[in-house]
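*Asks:* Once you've had a glance at the structure underneath, I'll fire off some questions.
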């Protein structure tokens, strides 16, 4: 009996499941578009129509497995704990998908779609907007590099080591680097208008 041709979401699900299986069996370094296509019982050209290279393919499989942080942006009620929550998500994701996969993808960053990096711009921008609404920081735009500074510093740390990221490292990024810089650039929160001076007698 002839097998029905898979299309759309069903085919993509099969391919991404094949990526996860390949990563578990052979690791990132030995994964190839050809091996994924063979496991998914499809043609290599089908993969290339959706993803330009293996880095983008693996990132799609990672998002399928861990979800997107855009769908659950932290809202703890404070800027500090919101940013720490984002960094904790990044470190937890690293544990879930494995150090080798993280290092492999980071080593091929130039091959990834630049649009992937705007995700964290959106996440951090939303967190800063909420902080301004709560009155923690003054409103006003911050340089894009400052907005994503915590996640950029953590990505660098993830690339440097295979060891687990200590909580103290994330705290230093937020308390010693990010928050002082944000407060210095955004300016102090606007205080209430001062009470008029009493007339002198």
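*Asks:* Looking at the range 140-174 only, could you name the residues that are without any contact (Cβ under 8 Å) to a residue 12 or more places away in the chain and more than 14 Å from the chain's Cα centre (by Cα)? Working first, answer last.
*Replies:* Our first condition is that a residue be without any contact (Cβ under 8 Å) to a residue 12 or more places away in the chain; within the range 140-174, this holds for 141, 145, 152, 156, 160-161, 163, 166-168, 172.
The answer is 141, 145, 160, 161, 163, 166, 167, 168, 172.
*Asks:* Would the range 84-98 turn up any residue that is under 16 Å from residue 132 (Cβ atoms) and either out of contact with any helix residue (DSSP H, G or I) (no Cβ under 8 Å at 6 or more places or on another chain) or touching a residue at least 12 places away in the same chain (Cβ under 8 Å) (or both)? If you could, list the steps in order and put the result at the bottom.
*Replies:* Residues of the range 84-98 that are under 16 Å from residue 132 (Cβ atoms), as a first pass: none.
Looking through the range 84-98, none of the residues is under 16 Å from residue 132 (Cβ atoms) and either out of contact with any helix residue (DSSP H, G or I) (no Cβ under 8 Å at 6 or more places or on another chain) or touching a residue at least 12 places away in the same chain (Cβ under 8 Å) (or both).
*Asks:* Can you say whether residue 76 is free of Cβ contacts under 8 Å to residues at least 40 places away in the same chain and outside any helix (DSSP H, G or I), as far as the supplied structure shows?
*Replies:* Values: free of Cβ contacts under 8 Å to residues at least 40 places away in the same chain: yes; outside any helix (DSSP H, G or I): yes.
Yes; evaluated as a whole, the condition is true for this residue.
*Asks:* Could you go through the range 170-186 and let me know if any residue there is in contact with a helix residue (DSSP H, G or I) (Cβ under 8 Å, 6 or more places away or on another chain), surrounded by 14 or more Cβ atoms within 10 Å (Cβ to Cβ), modelled with pLDDT under 95 and not in a helix (DSSP H, G or I).
*Replies:* Checked the range 170-186: no residue is in contact with a helix residue (DSSP H, G or I) (Cβ under 8 Å, 6 or more places away or on another chain), surrounded by 14 or more Cβ atoms within 10 Å (Cβ to Cβ), modelled with pLDDT under 95 and not in a helix (DSSP H, G or I).
*Asks:* Only one of these is modelled with pLDDT of 95 or more and outside any loop (DSSP other than H, G, I, E, B): 119, 127. Name it. Before you say what the answer is, go through the steps one by one.
*Replies:* Details: 119 fails: modelled with pLDDT of 95 or more.
Only one candidate passes the filter, namely 127.
*Asks:* Got a sec? Which of 31, 47, 79 is closer than 17 Å to residue 102 by Cβ and modelled with pLDDT of 95 or more?
*Replies:* Values: 47 fails: closer than 17 Å to residue 102 by Cβ; 79 fails: closer than 17 Å to residue 102 by Cβ.
It is 31.
*Asks:* Specify which of the listed residues (78, 38) is more than 15 Å from the chain's Cα centre (by Cα), surrounded by fewer than 18 Cβ atoms within 10 Å (Cβ to Cβ) and over 30 Å from residue 8 (Cβ atoms). Outline the logic, then answer.
*Replies:* Working: 38 fails: over 30 Å from residue 8 (Cβ atoms).
Being more than 15 Å from the chain's Cα centre (by Cα), surrounded by fewer than 18 Cβ atoms within 10 Å (Cβ to Cβ) and over 30 Å from residue 8 (Cβ atoms) holds for just one of 78, 38, which is 78.
*Asks:* Of all residues in the range 52-68 being within 19 Å of the chain's Cα centre (by Cα) and part of a loop (DSSP other than H, G, I, E, B), which is farthest from residue 23 (Cα to Cα)?
*Replies:* Of all residues in the range 52-68, those within 19 Å of the chain's Cα centre (by Cα) come to 54-68.
Checking the rest, the ones that are also part of a loop (DSSP other than H, G, I, E, B) come to 67-68.
Details: 67: 18, 68: 20 Å.
So the residue we want is 68.
The values are calculated or read from the model by the stated rules, or taken from the named source; none is laboratory data. Quick caveat: nothing in here was measured; it's all calculated off a predicted structure. Ideal geometry is used to build each Cβ from the backbone, glycine not excepted, and the neighbour counts take in all protein chains shown.
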